[in-house]
1. How would you rank 277, 167, 284, going from fewest to most other Cβ atoms within 10 Å of each one's own Cβ?
2. For a footprinting-style exposure proxy, rank 18, 143, 74 by other Cβ within 10 Å, fewest first.
3. Restricting everything to alpha-carbon atoms, can you work out Rg to Rh for segment 93-209 with a Kirkwood hydrodynamic radius?
4. Near residue 264, which aspartates and glutamates are there with a Cα under 13 Å away, not counting those fewer than 8 places off in the same chain?
5. Lysines near residue 2 by alpha-carbon distance under 29 Å, same-chain residues fewer than 8 away left out - which ones?
6. Report relative contact order for the chain in percent, whole number only (criteria: Cα-Cα under 8 Å, sequence separation at least 6).
7. Restricting everything to alpha-carbon atoms, can you work out Rg to Rh for the chain with a Kirkwood hydrodynamic radius?
8. How far, in nm, would the chain grow between residue 34 and residue 2 when pulled straight, counting 0.36 nm per residue and subtracting the alpha carbon separation?
Amino acid sequence: MKKVLVAGAAGFIGSNLCKRLLSEGCHVVGVDNMSTGQHANVEMLLLNEHFEFEERDIVQEFDLRVDEVYNLACPASPKYYQLEPVQTLKTNFIGALNLLELAKRHDAKILQASTSEVYGDPEMHPQPEHYAGNVNPIGPRACYDEGKRCVEALFFDHMRQYGTRIKIVRIFNTYGPYQSYCDGRVVPNFIAQGILGEPLTVYGDGNQTRSFCYISDLIDGLIAMMNSKDDFVGPVNLGNPDEYTIKELAHLVAAGTGNEVKLKYQKLPIDDPKIRKPDITLAKEALNWIPKVELREGLEETIKYFQNQNLFIKYD
Ligand code: NAD
Ligand code: UDP
């Protein structure tokens, strides 16, 4: 039985990935420091006898004999990664280094979740992997953007210096079940607001764009990347190229929740990228991967999931 370590297992992508790996017959060890993870996600996974959970911070060294490592541990919402920016940077660098050392020790493959944020506020559209990006290295988003750029450099140097079996994916905005409604990112915010009948908070004029990928498609991509040949290391973009303005997204979510559309305009965060859309030519060619779920359909599933949660605590 393949033994897989998932760092960030209690989070949105991590819990969905663990669920899929368990359904494919793997033994999964999840680790998480519960900074943005959800206890309910862990409880759901613990129903499977092949899932183990350890509450730990990847910034502290540890060891485990495994065949594969997925590193998803890192707060991903601007609201959370900016709360403790030094911890975000430590997680990105020291945490990733600890997992690289663990993978090297056991000759395990290690996949790093990088991000479309490495392209910053892009001047090239859509963004292919060879685009070097336009990132403000000293702004409030830098702990995340530069943190992830640094992890990519660290992964490549670890491979060049020690022969570590690395894989890097650049994930674009992803949404779906098991994301927390308090997460602060646009899809859970809009859905929670829509369900509660409150105005949807649009930052700036709402004309900025994002391209939203449904979670099941992303998980297919992560697994295809892990299973690809050792000489294909990436980085490879994983995202859905269908691009929407944030205002369009607000209308789709409001329609999906069955409530009247009410928008509340708020200040645009500093360094908020104006446009974003992945060029997925490489993922198509190297992994035979393309996203299948359209936004309307994915939102329907996600809204159903949120409607079954108890939205007791008002999101802020
Ligand atoms: P999330 O916040 O739901 O999950 C991250 C998990 O990592 C949480 O459970 C958190 O408690 C855990 N964590 C954070 N720091 C840790 C540490 N030091 N030690 C152990 N656990 C730690 O976010 P997500 O959306 O599931 O994102 C997962 C990964 O994917 C992140 O690395 C993120 O950068 C990347 N990513 C996500 C998206 C997206 O749209 N969801 C886009 C690009 C990249
Ligand atoms: N956004 C918004 N309202 C919200 C949350 C986010 O208008 O309640 C905007 C945000 O300013 C950005 C886009 O939606 O332009 C996507 O934000 P998110 O935090 O989901 O992800 P990002 O791509 O910025 O990391």
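Each value in this text was obtained by applying a stated rule to the coordinates, not by laboratory testing. Model, not experiment: these values are computed from the prediction. With ideal geometry, Cβ positions are generated from the backbone for all residues, glycine too; neighbour counts draw on all protein chains shown.
1. Working: 277 21, 167 24, 284 11.
Ranked by crowding around the Cβ, least crowded first: 284, 277, 167.
2. Working: 18 30, 143 22, 74 27.
The order, fewest Cβ neighbours first, is 143, 74, 18.
3. On the way: Rg = 17.5 Å, Rh = 16.6 Å.
Result for segment 93-209 is an Rg/Rh of 1.06.
4. Filter leaves 198, 205.
5. Result set, ordered by chain and number: 19, 104, 109, 148, 167, 229, 284, 292.
6. Values: 642 pairs, mean separation 55.2, N = 316.
Rounded, it is 17 percent for the chain.
7. Values: Rg = 18.6 Å, Rh = 19.7 Å.
Taking Rg over the Kirkwood Rh, I get 0.94.
8. Values: separation 32, 0.36 × 32 = 11.52 nm, distance 2.53 nm.
Here the answer is 9.0 nm.
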